1. So which residues in region 56-95 are under 18 Å from residue 31 (Cα atoms) and assigned to a helix (DSSP H, G or I)?
2. With the checklist (1) modelled with pLDDT of 95 or more; (2) within 17 Å of the chain's Cα centre (by Cα); (3) not aliphatic (A, V, I, L, M) in hand, flag the one item residue 87 doesn't pass.
3. Can you pull out every residue in region 38-52 that is buried (at least 20 other Cβ atoms within 10 Å of the Cβ) and touching a Leu at 6+ places or on another chain (Cβ under 7 Å)?
Amino acid sequence: MTENSDAGPDQGLYEIGETIREYDPATERYKNMLHLVAYDVRDPRRLRHVAKICLNYGIRVEYSVFECDLTEDLFKKLWHDLHSVVDPDEDAILAYKICGSCVQRIQSMGAVERPGKTLIYMI
């Protein structure tokens, strides 16, 4: 997805192939509970490890912020996996649960890009 060069900075128009549409995160559909996971990890090795774990569970929306559409059991597994990596004296991880009615009120501005997550690879 790329920002349309004809659109002003406040218009939020994005080009997808031949189609131009306005990005509206409130129209996204989530199967489970949306979890917003954000982290600040000091050690570069742990930072890469945390990022890889988060990539397995969600979609990166900012450098250290992921949206994860997870069941409660999968969220517990994600949290356990992160807990095994982070140093609680140096690192910080936050997870916010966002219910369906709150997702409908999400607002965005600027160059927001929401790539889809690959669910299956065919060889």
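The values are calculated or read from the model by the stated rules, or taken from the named source; none is laboratory data. What you see is a predicted model; the values in this text were computed from it and never measured. Virtual Cβ from ideal backbone geometry, glycine too; neighbours counted across all protein chains shown.
1. Passing the criteria: 56, 57, 72, 73, 74, 75, 76, 77, 78.
2. (2)
3. 41, 50
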